[in-house]
């Protein structure tokens, strides 16, 4: 069983993440240092020893500590002391390749329109595919990993911003500046040939359709059987010998 941290220990760790190294955990703060609490908790729960942390533990810090090192505004959280928080600045000191993930369902559209921001005001990219997948799995259990060519992107006017040591931001990434897996081949639908009009009859559960020509055939067959039976009876009657009429008994006179 994991030993839970005290409110003071947890507050110290949270202040480090929010005020010093959010990029180390795949997080990017906005211009005011705020991060969505929902996104923050997802990142924290990926760390060994902090998987138990919930919103209630953050509230406990705010209530139990005299000078909590964090503050909350609506659904956002930030550190009180942010002097060492990395600033988002344009940079050209980039790796040749950067990585980002998109939702599996959105991938076909990305191939047509390029990479756009999802839940942040900019596209979040990482210098390692591992961190990109870690961030992507917070949105989709099976995200699609894309590789971005930074030189091609900058040649098309894309500006990259540093957001820590390993994270970078961009307004968007154009088509032709990134690569990804091929889309799965779609199966060609099998077109069933329609039956001729005289055979296309509706079917109902537990019943069958009686057609007119079937009724006529049955009627004709019945009449033929009836004629044959009558002819056989007449023939049988002709072959029988008629018994002589019996005399009336005297006692009936």
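Assorted remarks:
- Note on the range 23-122: Rg/Rh from Cα positions, Kirkwood definition for Rh, rounded to two decimals, is 1.03.
- Where only C-alpha atoms are counted, convex hull volume of the range 7-79 per residue in Å³: 82
- Kirkwood estimate for the range 94-166, i.e. one over the average of 1/r between Cα atoms, Å: 12.6
- Ordering 79-86, 21-28 by mean Cβ neighbour count within 10 Å, with the highest value first, yields 21-28, 79-86.
- Per residue, the average separation of C-alpha pairs within less than 8 Å and at least 6 apart gives the range 7-79 a relative contact order of 41 percent.
- For the range 1-65 and the range 124-177, distance of Cα centres in Å: 24
- Highest average first, the peptides 222-231, 65-74, 119-128 ordered by how many other beta carbon atoms sit within 10 Å of their residues are 119-128, 65-74, 222-231.
Just so you know, all these numbers are worked out from the coordinates, no wet-lab data involved. Keep in mind the model is a prediction, meaning the values are calculated, not measured. Using ideal geometry, Cβ is built from the backbone for each residue, glycine included, and neighbour counts are taken over all protein chains shown.
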